[in-house]
Amino acid sequence: MTLDTTHINQQRMPLDDQAELWLFGYGSLIWKAEFPYHERRPAHIEGWVRRFWQGSHDHRGTPEAPGRVVTLISEPGAICQGMAYRIDAETLRPLDIREKNGYLREIVTLHFTDGSHAEGLVYIATQDNAAFLGEAPFNAMAEQIATAHGPSGPNRDYLLNLATSLEGLGAEDRHVFELADRVRDYRLIESPTD
């Protein structure tokens, strides 16, 4: 079951299409920025952790076999590293469609590596959305990610590209790195070499 949040986002947070704003990416937006932007900078937000607790019925899985993608979970004192993009507000229209499976726009403070900060938007899928899967044992999540496949490709590619991107940023994210290790191990078990 999914809930298309496209119109909800546009109604609850209308923006002048000509306005410029910052957008924070913490999942596929780090490594798959298929939208125009004026500037791209590493950044982090505070009080949030990245978790593979959101179901993907439309990109990395299907309604019958959903994949798992990241969302943010509130955690006091936590730091979530990612990528910030300075965009025109009109760029949000296709992003609202890309993030329609339960994600809502929220306002956060972005912290840049030079010590400066700015207000920006982030897409978060909260636990009350229809596609939220929640926490599960690491092995169960790894198996689901290793086997799910959707219109945007294998779920494992999403995870492994995210892990590689976070390593490139020098980010610490035990949750992502542990899942990536288990998915790599799962692939070796499923495809043993002679």
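The values are calculated or read from the model by the stated rules, or taken from the named source; none is laboratory data. These numbers come from a predicted model, not from an experiment. Cβ coordinates were reconstructed from backbone atoms using ideal geometry, including for glycine residues, and neighbour counts include every protein chain displayed.
What residue, of Thr113, Thr91, is of a type in the set (Ser, Thr, Tyr) and out of contact with any strand residue (DSSP E or B) (no Cβ under 6 Å at 6 or more places or on another chain)?
Values: Thr113 fails: out of contact with any strand residue (DSSP E or B) (no Cβ under 6 Å at 6 or more places or on another chain).
On inspection, the qualifying residue turns out to be Thr91.
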TODO: Could you tell me which residue of segment 60-97 is nearest to the chain's Cα centre (by Cα), considering only residues that are among the basic types (Lys, Arg) and either closer than 26 Å to Arg174 by Cα or crowded, with 19+ Cβ neighbours inside 10 Å (or both)?
DONE: Arg68
Open item on the list: Let me spell it out: the conditions are (1) in contact with a strand residue (DSSP E or B) (Cβ under 7 Å, 6 or more places away or on another chain); (2) at pLDDT below 95, and Tyr26 meets all of them except one. Which number is the exception?
Closed with: (2)
